[in-house]
Amino acid sequence: SGVVRFEEVRFAYNPDRPILKGVSFEVPAGRTVAVVGPSGAGKSTISRLLFRFYEPQSGRILIDGQDIAGVQQDSLRAAIGMVPQDTVLFNDTIGYNIRYGRWEASEAEVREAARLAQIDRFIAGLPEGYDTPVGERGLKLSGGEKQRVAIARTILKGPPILVLDEATSALDSFTEREIQDALDRVSRGRTTLVIAHRLSTVVGADEIIVLDRGVIVERGDHAALLARG
Ligand code: ADP
Ligand code: ADP
C-alpha cells in the first residue's frame, strides 16, 4: 500500500498566477519518483498539497485510491514521513527529537533508528548521550547531523510514504553523498517522492518527472532523460 496519485492537479496561490497547470503522475507502492526542475517550477507546492497545507483548485490527489480531500491532516502526517531541506530541531534533547511523533518507542528502537541513520556513534560520543540538549539553546549540530536526526525520526515513525524535499541540497557535496546513502536505505521499500533541483541526485529513481513552470515537460528514468539531453 501507499500508492500516491496526482490527477490533473491545478493550483494557484493567487488566482491570476497558476502554479501547477494540470499535473498527473503516480508513485506506485514501494517505488521512488523524483520531481526535478528549476527553482520556482512548483516542486515544493506538490508536497504542500500532499500534506493538505493547500487544496487543489481542480483535479484530485489520491492515496491508495482515496481522495485526500476527505482525510485529516493528522492522518496524512502519520502516513507520510518528511525530510525537509533544513531540519529545524526542537529545543529539547536529541532523544526527544528522534522520538518526536512516536513516543511509545522503546530505547532499543530509538537506538536502532539512530544506527540506521548513522548517528548512533556521534550520540554515543556525547557526555550526555541521548539526553544532550540541542536546538537554539543546546548543542549546535551541523547540517548533516540535523538531517541524520530527521532521518532517524522518520525511520522510527516508519511511515509507508516518504517525501524528501531537497533533503540534501543545503549540504556540502561530501556530506550530501553520505546523507544520500542514508536516505536510499530509508526509502527502500517505501513509496517515495523525491523533490530535487538536480538530475544527478536522483539517479536511482524509478521515474523522473521534469517540471517546468507548473507543467510536466519530460518523464522517464535517468538513462532515458540523459539520452534525450
Ligand atoms: P520550487 O519548489 O519548484 O522551487 P515552489 O513550489 O516552492 O517551487 O514555488 C512555485 C512558485 O510559487 C514560485 O514562483 C513561488 O514564488 C510561488 N509561491 C510559493 N509559495 C507561495 C505562497 N505561499 N504564496 C504565493 N506564491 C508562492
Ligand atoms: P514542512 O517542512 O513542509 O513544514 P512537515 O511539517 O510535514 O513539513 O514536517 C517537517 C518535519 O517536522 C518532519 O520531520 C515531521 O516529522 C516534523 N513534524 C511533524 N509534525 C510537526 C509539528 N506539529 N511541528 C513541528 N514539526 C513537526
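The values are calculated or read from the model by the stated rules, or taken from the named source; none is laboratory data. Computed from a prediction, not measured in an experiment: that's the story for all the values here. With ideal geometry, Cβ positions are generated from the backbone for all residues, glycine too; neighbour counts draw on all protein chains shown. Note: areas computed on protein heavy atoms with side chains; ligands, DNA, RNA excluded. Shrake-Rupley method; radii C 1.70, N 1.55, O 1.52, S 1.80 Å.
In this structure the chain gives 50 Å² per residue of accessible area when probed at 1.4 Å with all protein chains present. Stretched out straight at 0.36 nm per residue, the stretch from Q85 to R115 would grow longer than its current Cα-Cα span by 8.7 nm. Helix 173-187 and the longest principal axis of the C-alpha atoms of the chain enclose an angle of approximately 80°. In sequence order, region 211-217 has phi-based couplings of 9, 9, 6, x, 10, 6, 9 Hz under the Karplus curve 6.51 cos²θ - 1.76 cosθ + 1.60, θ = phi - 60°, and Gly or Pro positions carry x.
With a 1.4 Å probe and all protein chains left in place, how much of the accessible area of the chain comes from carbon and sulfur atoms, in whole percent? Roughly 49 percent, rounded to a whole number.
Taking amide H as placed 1.01 Å from N in the peptide plane, the amide H of T93 sits under 5 Å from that of V134, each at least 5 places away or on another chain.
With both residues required to sit in the chain, DSSP beta bridges show an antiparallel share near 50%. Between S58 and L139, the simple spin-label model (points 7 angstrom out along Cα→Cβ) gives 5.4 nm.
Listed values for region 84-93 are Karplus-derived 3J(HN,Hα) couplings in whole Hz (6.51 cos²θ - 1.76 cosθ + 1.60, θ = phi - 60°), namely x, 5, 10, 6, 9, 7, 6, 6, 7, 6, and x replaces Gly and Pro.
Counted by Cβ distance under 11 Å from S44, the other residues give a net charge of 0, where Lys and Arg count +1 and Asp and Glu count -1.
Given a 1.4 Å probe and the protein chains all in place, what does the accessible area of D86 round to, in Å² to the nearest 10? For D86, solvent-accessible area is about 100 Å².
Seen against the Cα atoms of the chain and their longest principal axis, helix 143-157 is set at about 80 degrees.
On C-alpha positions alone, give me the angle between the axis of helix 107-116 and the longest principal axis of the chain, in degrees, nearest 10. So the inclination is approximately 60 degrees. In the chain, the calculated helix contribution to ellipticity at 222 nm averages -9000 deg cm²/dmol per residue, counting -39,500 (n - 2.57) for every DSSP H run with n ≥ 4.
Our coupling estimate for region 64-73, obtained by passing each phi through the Karplus curve with A = 6.51, B = -1.76, C = 1.60 and θ = phi - 60°, is 6, x, 9, 5, 6, 4, x, 10, 4, 4 Hz, Gly and Pro reported as x. Taking packing as the residue-averaged number of other Cβ atoms within 10 angstrom, the listed peptides 143-150, 98-105 run from highest to lowest as 143-150, 98-105. Amide H contacts for Q57 (H built 1.01 Å from N in the peptide plane; partners 5 or more residues away or on another chain; cut-off under 5 Å): R10, F11, A12. Rolled with a 1.4 Å probe across the full set of protein chains, the surface gives H197 an accessible area near 90 Å². With a cut-off of 14 Å between beta carbons, the residues surrounding W103 carry a summed charge of 0, where Lys and Arg count +1 and Asp and Glu -1. Taking amide hydrogens as placed 1.01 Å from N in the peptide plane, the amide H of V35 sits under 5 Å from those of V194, I195, A196, I209, each at least 5 positions away in sequence or on another chain.
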